[in-house]
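Okay, so here's the structure we're looking at.
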Amino acid sequence: MTPFAKLNSPSELDALKRKAISAISGCATRVLVCGGTGCMASGSPKVLEALQSALEKHSVPVRADIMNEEDEAAISIGYSGCPGYCQVGPIVRILPADYFYTHVKPEDAEEIVTQTVLGGQPVQRLLFNDGSESYATRDDLPFYKDQVNVVLADCGVVEPGDIRDYISRDGYRALAEALYGLTPEAVVAEVTESGLRGRGGAGFSTGRKWGFTQVVKSDKKYVVCNADEGDPGAFMDESIMEGNPHALLEGMAIAGYAIGADEGYIYVRAEYPLAIERLRTAISQAEQAGLLGDRILGGPFSFHIRIKEGAGAFVCGEETALISSIEGQRGMPRPKPPFPANSGLWGKPTVVNNVETFANVSKIILNGAEWFRSFGIESSPGTKVFALTGDVVNTGLIEVPMGTTVGDVVFKIGGGIRTGKAFKAVQIGGPSGACLTEEHLDLPLDYDSLRSVGAMVGSGGLVVMDESTCMVEIARFFMSFTQKESCGKCVLCREGTRRMLDILTRIVSGRGKVEDIDLLEELALTVRDGSLCGLGKSAPNPVISTLKHFRDEYLAHIVDGVCPAGECDAFKTYSIIEEKCRGCGLCAKKCPADAISGEIKKPYVINADLCIKCGACADACKFEAVTLG
Amino acid sequence: MAQSAVLTDSGPKAGRNFSRVQEIIKDYGATESALIPILQKVQDEYRYLPEEILTFVATALDIPPATVYGVATFYAQFSLEPKGKHIIKCCDGTACHVRKNQTIINAIEQRLNLSDGRQTTDDHRFTFEIVSCIGACALAPAVVIDGRVYGQTTPERIVAAIDEIEEADKAEAAQ
Amino acid sequence: MEGYITIDGAQTPINGCKNLLEVIRASGIELPTFCYHSELSVYGACRMCIVDIDGRGIQASCSTPPEDGMVVRTHTEQVMKIRRMALELLLANHHGNCQTCGKNTQCKLQELAQKLGVKNVRFDEVNDVLPIDDLNQSLVRDPNKCILCGDCVRMCKEVQGVGVLDFVGRGSDVRVSPAFGKNLNEVECVYCGQCASVCPTGALIIKSQTEKVWKAINDPSKTVIVQVAPAVRAAIAQSYDIAGGEHAMAKTVTALRRIGFDKVYDTSFTADLTTVEEATEFLDRVAKGEKLPQFTSCCPAWVKYAEQFYPDYLANLSSCKSPQQMFGSLAKQYFADHEGVKREDLYVVSIMPCTAKKFEATRPEFVVDGDPDINAVLSTQELISMIDEAGIRVSNLAPESMDLPFGFKTGAGIIFGTSGGVAEAVLRLASAGTSEDGKPAPTEFRDVRGLEGLKEASVTLGDRTIKLAVLSGLSNAREVLARLQSGEADYDIIEVMACRGGCIGGGGQPLPNDMAAREERKATIYDCDAILPLHNAADNPYIKECYSTLLQKPNSSIAHKLLHTGYRSRRRIEGEDLDLSETKTGEKTPVSVCIGTNCYLRGSYDTLRKLIDKAREAGLAGAIDFKATFCFEKCKASPNVQVGDTIYGGITPDKIDEFFENTIKPAAQGASDAETLEV
Ligand SMILES: Cc1cc2nc3c(=O)[nH]c(=O)nc-3n(C[C@H](O)[C@H](O)[C@H](O)COP(=O)(O)O)c2cc1C
Ligand code: SF4
Ligand code: SF4
Ligand code: SF4
Ligand code: SF4
Ligand code: SF4
Ligand code: SF4
Ligand code: SF4
Ligand code: SF4
Ligand code: FES
Ligand code: FES
Ligand code: FES
Ligand code: FES
């Protein structure tokens, strides 16, 4: 990227924006290869390489720097962020027609260049096809049809590695407007008015949080972005940081202006190396452009952003633990009060917000609170990004207005159950969330509706499960996660999660006792009510909700000795399928328990009473005659 | 000595003066808030956190060694044991779990002959870790080997990848 | 904060309390706690102190600021259920053997389980047993009884500024431990025992020496004498139903004789002697204008602290031994000279408020030819347990007085037991000679009294103003030393006591050993001083006799031999270099292959693997101890391999064969040959 001068006023920003737009529009074709973690894993770097060499082979001149208007070349190629549909990646998008190619392989490069870049026609076989028809552009895809993109609007189109692309789409204009047109109080008022609620889990009013921090007098304040995204199975924040990092930086700078802070920290989990790299690039470009650092846009406001990499602890997503971690300590939560607004990082007033929360801010400042309120519902305005995973046809990142129903997400956007089996439940909010069942399909996804049924938005992970998922096992899985991740500070969470895990493990391995259910319930409620921080308070949620909706499954494990979903190994038995068995006798030789008997050339049988379920027979059989069921 | 190897030093201390650690500490500043980045960098450098180095860092930052040890044992990223040459991470996040990643975990453990919570193979070639979510959930189940993400993967593919790495190592060593 | 809070229906004034727990306690409700101590930071982990606050639900009262108008209920069904569950969970994870536990009857866990009605434990027992740390003289740490309240961690870090204990690990694997799982004797613990004073359970207790004392008492060949430290008398009455101070001391003297001690003496006597020696030393330094400020040296925890963290200041420590050790060397000399008791037949026991004194008695400089000047050190707690073991009912005993000459003291010796006492004793002595204007010098220096951690005073002696600092709680020492180093502070004499408030709050004192108990003990100490006839150490007639018959004059060479000592640096890292532990050479030959980044990049993993293979082939696997190690800082020569004590560079995989044959094999064979020879 060619270096450019520091911007000294809003009008210079405006000029750069116009220049960027005209440069981009001078590009007849833009080839965007998805550079998100998912597509990179599926091989997008090779696809990018192949496309570049194909262009070279056909002597298609490529603009090295898209913003270089002087460059006669009318083709550009580069990485975009993740458009959300990672499952069908690697994804290549061709602008401005917006052809949306899925499952692109390096071998497809030649055809893309000849047919689309040079010929202007889509490559039919690369368009998304759901079995009945194919869809040319992104917006046509069933996966996107019911989505509403506010936060992710630029994610997947904008080149995260070039700040000018972001600027061309009104990037940093909200910051300029705030600095030159609004008082800090007015910014807080606007954000409060918009009804934006924290996207990190608890859904606290962002404007009010800023207001608390603004009124505290202090020589130093901080803005902290919580990018720890610990919920296993959720990657919304990751995508924003990878795909549109400037949206986050701009939101933080506006927050800094609003509360009177000149320093910000982004606490990113170390498991997101790509996001960290993109953020670093973005920060240095923004500093170069005078949009971060000292005297932003030539005015009196200065704001510096530093990155702190997490070191692998889920509990550091909890804001006070996160603060301890930035300070260099063990990430153990502290009692609240005092809240970070009064005493946060190094004891100074601090605003802690989630990535997605910050990413909403510039849109609100630009378009106004009223506009924001036009999405979603009265008590939860705006949209929410969810990570839809599990047994649905379409997995990926989705953005929908608050209040969209569970059923719409699972069946319309998600396309229903992938396995063809029956829908059983959606786990929302990860290990601190709860499960929603068939009876909740009409439930709107928003903070208050979810709370009313004992669930929570949490981070926004939505894991869909079909009937073959054992809910006791799922509760055990989440408990094993929270138990491992508990910081170990307070008694109920440290000891209680371990004991719940013991009991759940006992039940899924067939050793459950009838009293276990009562003990489990008592533990769950006391741990929820008595723990120090949100981790312990929410760790029992999966247990409480599965006990509520699937108590009979618990009882079946304990009393009837069966796992109704057929998932738990302890309840399975090995047997030989008569029709498949050729009577070779190998299994009997391998069986350490002498549980298999039979005559050569006739079907063998397993004596279930002797079998110790070691699985040796199944491994030994060359005819797949041994089954576990 | 007959061979071409050079005798560089001797004695129990062998002249270690922690110059690399000192540089790292200088880069980040000797304050408590720099502790975690310093440990991260030290681990990048030495592949684990040796006791001597942790004690040195504690002294340089003027915090008790017990505090440094407490921090080093709190975060999953830090290892107080040497890690293997190749690091395999299998995701056990929710998305991967419901897509039945257990078979992959079993296959890797079997392939590497690891059991009873051992993470590193005897020959220090591989370290196997189970992590929660690497952000490729839409491609569950996911495994990362030496930084490369394998999405929508299977036990067979991962075992094949491990075989390949071992072959490559052997070929390299044979040269 | 002012206003009222409704607690279980009763209006209670906030009265400036800093948290809701204190308001509740002031209202007459004894909320249970494990992790709250008013002198430590709020931690909020044990969840015992939870209450139900209207509109806020369940909250820990220790970390909730009181607000006017709060409505609080302290024992709702839900609250009680949570507390009971927390206790049940703790008990399930606890190695309970109360009958034989050092904390039995004093244990908060035991007490609360009983009080809150935990009737059974419905969880499986834990079977993994962690090793007990009892390799030091002062304390025993049993992690199997730890409830992770963190009191010791905060005490050691916040009040003592030492920080040898911290949390390790995460989740249910969390432990409290010194760095790298070491034992206390391997780290910078100063043995002040303050951690044990706050530990609610038997996880940190005083290491008992009562058995060895009983043995000496029952050995007819031994003359067993005992010295009792000043602070002991201030605390012992709290454990019996008797009035404190000299009265309690006199009954204790009787008890000690009934137990079987041959002579009972007062450490306050050698405290007087310390005052004379230390004041002389100080005046000499002032005259010479060197090695100022002078630090007191009678607290062994402070001495060890200074040796570890401030070796540059060791010359500033008074060279006087502590009163305990002065007593030891004096008594051994005196009994040999005057009573005809051979040194090895004299068994000297100290009764101290202190756990560090147990360590002090074993310092090599206080041991003569294998015979320590002090043979056993008992804490006040152990004294009480000996009295109880013997079945003696202290309240029924007639008072008796101590033996002479070492049982005679002035009030100056007594006040050594509390923070400011040493400073005041020295001032009394130094100012006695300076009342030239005819007015009697003041005998009380109130500025240096009190439990505050840092007190300052200045006193005019003749034409010179002496600036004093009186510190207790070692974190205050850390702070003052930092100011001295930076030149911000300037003192002439600094008294340092490791325990907050001085020895009255020593780690060996009976429980509770909180600030309220210390306040009471302090008052007792000054009462004792007040009722004694003499207040200036120099006036002690037996001290004078001591000088005339044995010591000649203060700071004489014989006094130096018997009553003074020296210090050594215990800093672990000198300059920038780290004192690495010696490589252990057992019967196996150590071979370490560097897997630091540079060596690794040049193939050191393959080197390591190949070497292991070669060793197996050669049948030498058992004779070599292979290790992967971190950077040898010889990266230029990488990959590096260390065999025994020598580092070899450039051991790339292709050089392995040669290297193994020429270097490792001979070394390993040498070692295994040597082994066979020994057999
Ligand atoms: C155990 C635990 C984990 C959390 N993890 C995250 C996280 O990964 N990301 C996040 O933004 N908030 C997380 N939170 C919520 C934060 O504590 C905090 O409420 C949030 O960052 C505030 O930002 P918001 O108001 O923008 O949501 C977590 C909370 C708890 C109790
Ligand atoms: S609830 Fe769990 S994570 Fe939170 S402070 Fe307590 S032990 Fe730590
Ligand atoms: S599972 Fe094992 S024990 Fe059971 S029949 Fe097969 S080989 Fe025999
Ligand atoms: S190994 Fe398979 S085919 Fe052979 S006897 Fe057993 S079940 Fe039948
Ligand atoms: S610590 Fe307390 S509860 Fe535990 S064994 Fe000792 S006295 Fe009993
Ligand atoms: S209290 Fe109960 S358990 Fe303990 S010793 Fe007495 S009878 Fe036995
Ligand atoms: S004895 Fe003192 S220094 Fe040692 S651990 Fe306890 S509080 Fe810390
Ligand atoms: S050792 Fe005692 S004081 Fe320390 S954490 Fe354990 S129980 Fe608490
Ligand atoms: S202050 Fe007294 S009791 Fe405490 S360590 Fe020092 S000498 Fe011992
Ligand atoms: S990473 Fe490419 S679509 Fe998500
Ligand atoms: S759950 Fe496996 S990558 Fe997220
Ligand atoms: S005393 Fe309040 S939580 Fe422990
Ligand atoms: S990395 Fe091996 S000597 Fe430096």
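The values are calculated or read from the model by the stated rules, or taken from the named source; none is laboratory data. No experiment lies behind these values; they were computed from the predicted model shown. All Cβ positions, glycine included, derive from the backbone under ideal geometry; neighbour counts span all protein chains shown. Just the protein is used for accessible areas: all its heavy atoms, side chains included, with ligands, DNA and RNA removed. Shrake-Rupley method; radii C 1.70, N 1.55, O 1.52, S 1.80 Å.
The criterion of at least 2 residues that are under 17 Å from residue C:417 (Cα atoms) is met by the following helices (runs of 4 or more DSSP H) wholly inside region C:428-546: C:515-531.
Looking across region A:455-474, the residues that are assigned to a loop (DSSP other than H, G, I, E, B) and under 30 Å from residue A:569 (Cα atoms) come down to A:455, A:467, A:468, A:469, A:470.
Conditions (1) open to solvent by 30 Å² or more (accessible area, probe 1.4 Å); (2) charged (D, E, K, R), marked per residue:
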residue	(1), (2)
C:485	yes, no
C:491	no, no
C:500	yes, yes
C:508	no, no
C:515	yes, no
C:524	no, no
C:535	yes, no
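Selection of region C:262-277 for residues being open to solvent by 10 Å² or more (accessible area, probe 1.4 Å) and not in a helix (DSSP H, G or I) yields C:262, C:263.
If the condition is being surrounded by 23 or more Cβ atoms within 10 Å (Cβ to Cβ), in a helix (DSSP H, G or I) and over 17 Å from the mean Cα position of the chain (by Cα), then region C:192-228 contributes only C:213.
Please work out if residue C:238 is at pLDDT below 95, assigned by TED's automatic domain parsing to the domain that holds residue C:363 and either within 28 Å of residue C:569 (Cβ to Cβ) or open to solvent by 10 Å² or more (accessible area, probe 1.4 Å) (or both). Considered against the rule, which asks whether it is at pLDDT below 95, assigned by TED's automatic domain parsing to the domain that holds residue C:363 and either within 28 Å of residue C:569 (Cβ to Cβ) or open to solvent by 10 Å² or more (accessible area, probe 1.4 Å) (or both), residue C:238 comes out as yes. Of the residues making up region A:482-516, those that are farther than 20 Å from residue B:130 by Cβ, within 7 Å of chain C (Cβ to nearest Cβ) and in contact with a Gly (Cβ under 9 Å, 6 or more places away or on another chain) are A:489, A:490, A:491, A:492, A:494, A:496. Does region C:184-191 include one or more residues that are away from chain B (no Cβ under 14 Å), touching a residue at least 24 places away in the same chain (Cβ under 8 Å) and either surrounded by 22 or more Cβ atoms within 10 Å (Cβ to Cβ) or under 30 Å from residue C:94 (Cβ atoms) (or both)? Among the residues of region C:184-191, at least one is away from chain B (no Cβ under 14 Å), touching a residue at least 24 places away in the same chain (Cβ under 8 Å) and either surrounded by 22 or more Cβ atoms within 10 Å (Cβ to Cβ) or under 30 Å from residue C:94 (Cβ atoms) (or both), which makes the answer yes. If only residues of region C:328-384 that are among the aliphatic types (A, V, I, L, M) and under 16 Å from the mean Cα position of the chain (by Cα) are counted, the one that is farthest from ligand 3 (Cβ to nearest atom) is C:351.
Looking across C:145, C:157, one residue alone is crowded, with 19+ Cβ neighbours inside 10 Å, within 16 Å of ligand 5 (Cβ to nearest atom) and of a type in the set (D, E, K, R). It is C:145.
Looking at the structure I just gave you, is residue A:395 within 14 Å of chain B (Cβ to nearest Cβ) and more than 23 Å from residue A:476 (Cα to Cα)? Against the criterion (within 14 Å of chain B (Cβ to nearest Cβ) and more than 23 Å from residue A:476 (Cα to Cα)), residue A:395 qualifies.
For residue A:352, the criteria (1) more than 13 Å from ligand 1 (Cβ to nearest atom); (2) under 21 Å from the mean Cα position of the chain (by Cα) hold in every case but one, which is (1).
Using the structure shown, decide if residue C:137 is more than 14 Å from chain B (Cβ to nearest Cβ), within 16 Å of ligand 9 (Cβ to nearest atom) and either surrounded by fewer than 22 Cβ atoms within 10 Å (Cβ to Cβ) or of a type in the set (D, E, K, R) (or both). In short, yes. Of the helices (runs of 4 or more DSSP H) lying entirely inside region A:227-324, those containing at least 1 residues that are surrounded by fewer than 24 Cβ atoms within 10 Å (Cβ to Cβ) and modelled with pLDDT under 95 span A:273-288. In the set A:418, A:476, only one residue is within 13 Å of another protein chain (Cβ to nearest Cβ), open to solvent by 10 Å² or more (accessible area, probe 1.4 Å) and modelled with pLDDT of 95 or more; that residue is A:476. Taking residue A:154, is it in contact with a Lys or Arg (Cβ under 7 Å, 6 or more places away or on another chain) and not assigned by TED's automatic domain parsing to the domain that holds residue A:73? Spelling it out, residue A:154 is indeed in contact with a Lys or Arg (Cβ under 7 Å, 6 or more places away or on another chain) and not assigned by TED's automatic domain parsing to the domain that holds residue A:73. Listed by position, the helices (runs of 4 or more DSSP H) enclosed by region B:69-175 that each have at least 3 residues that are hydrophobic (A, V, I, L, M, F, W, C) and more than 10 Å from chain A (Cβ to nearest Cβ) are B:102-112, B:155-174. Looking only at region C:278-302, residues that are in contact (Cβ under 8 Å) with a residue 60 or more places away in the chain, open to solvent by 10 Å² or more (accessible area, probe 1.4 Å) and in a helix (DSSP H, G or I) come to 5 in all. For region C:64-75, the criterion of being among the aliphatic types (A, V, I, L, M), open to solvent by 50 Å² or more (accessible area, probe 1.4 Å) and over 35 Å from the mean Cα position of the chain (by Cα) is satisfied by at least one residue. Of all the listed residues (B:66, B:30), the sole one being away from ligand 13 (no atom under 16 Å from the Cβ) and buried (at least 20 other Cβ atoms within 10 Å of the Cβ) is B:66. Summed over region A:139-164, residues that are part of a loop (DSSP other than H, G, I, E, B) and either on the phi > 0 side of the Ramachandran plot or among the aliphatic types (A, V, I, L, M) (or both) total 9. Looking at residue C:85, is it more than 16 Å from ligand 9 (Cβ to nearest atom), under 23 Å from residue A:495 (Cβ atoms), without any contact (Cβ under 8 Å) to a residue 12 or more places away in the chain and open to solvent by less than 20 Å² (accessible area, probe 1.4 Å)? When the stated conditions are applied, residue C:85 passes them.
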